[in-house]
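The values are calculated or read from the model by the stated rules, or taken from the named source; none is laboratory data. Just so you know, these numbers come straight off a predicted model, no measurement behind them. Cβ sites come from the backbone with ideal geometry, for glycine too, and all protein chains shown count toward neighbours. Just so you know, the surface numbers come from the protein's heavy atoms only, side chains and all, with ligands and any DNA or RNA stripped out. Shrake-Rupley method; radii C 1.70, N 1.55, O 1.52, S 1.80 Å.
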Amino acid sequence: MNLRTAFSAVGVALLGALTTADDAETPSAPLILSGSGTTNPSKCFWHIMSQMQAQIKGVAKLSYRAVGSGTGIKEFLGKDIEYPNGTTISNYEAWNDFGAGDIPISAEDKKEWNDKGYDFVQLPFVLSAVSFFHSIPGVPSGERGLNMTAC
């Protein structure tokens, strides 16, 4: 998948969410679309949202918070969110219109939502490379060092 295809897939997903939003029928009402999740595609989201906001007729606010896959999924599904300081938020209502994660939402969670009369679509949209590098004292480089050969 090239960058243009990734932008198109994300744009279609966001456009779908925009056109199905409750306020979409009232042009004078602002369109607000919020999402959160993994940090990896955040710059892609922000770029696409910036382009979409510039072209949407009417008032629109599109946002994406790069908070990590687990938190993004919990916010989308309305699950308990536990913070490092020990605070837990339990509201059991979805906070976001969309999310992104490194792993898909489980079949169990999807079924739970379907049983409540809600449905959502999961689709792959961004492929990226992750690199590994190290600076470990005492670990030699080269033939007798850390083996970084691809599988």
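Pull out all pairs, ordered by first then second residue, where Cβ-Cβ is under 6 Å, the residues are six or more apart or on different chains, the first lies in segment 117-142 and is closer than 18 Å to Phe45 by Cβ, and the second is surrounded by 10 or more Cβ atoms within 10 Å (Cβ to Cβ) and modelled with pLDDT under 80.
Listed pairs, sorted by first residue: Phe125/Ala6; Phe125/Ala9; Phe125/Val10; Val126/Ala6; Leu127/Met1.
Restricting attention to helices (runs of 4 or more DSSP H) lying wholly within segment 42-151, give those where 2 or more residues are open to solvent by 70 Å² or more (accessible area, probe 1.4 Å).
It comes to 42-55, 107-115.
List the residue pairs whose Cβ atoms are under 6 Å apart, where the first residue sits in segment 67-85 and is over 17 Å from Val121 (Cα atoms), the second is open to solvent by less than 10 Å² (accessible area, probe 1.4 Å) and outside any loop (DSSP other than H, G, I, E, B), and the two are 6 or more positions apart or on different chains.
Cβ pairs passing all conditions: Val67/Ser36.
Taking Gly35 as meeting all but one of (1) in a helix (DSSP H, G or I); (2) open to solvent by less than 50 Å² (accessible area, probe 1.4 Å), write down the number of the exception.
Unmet condition: (1).
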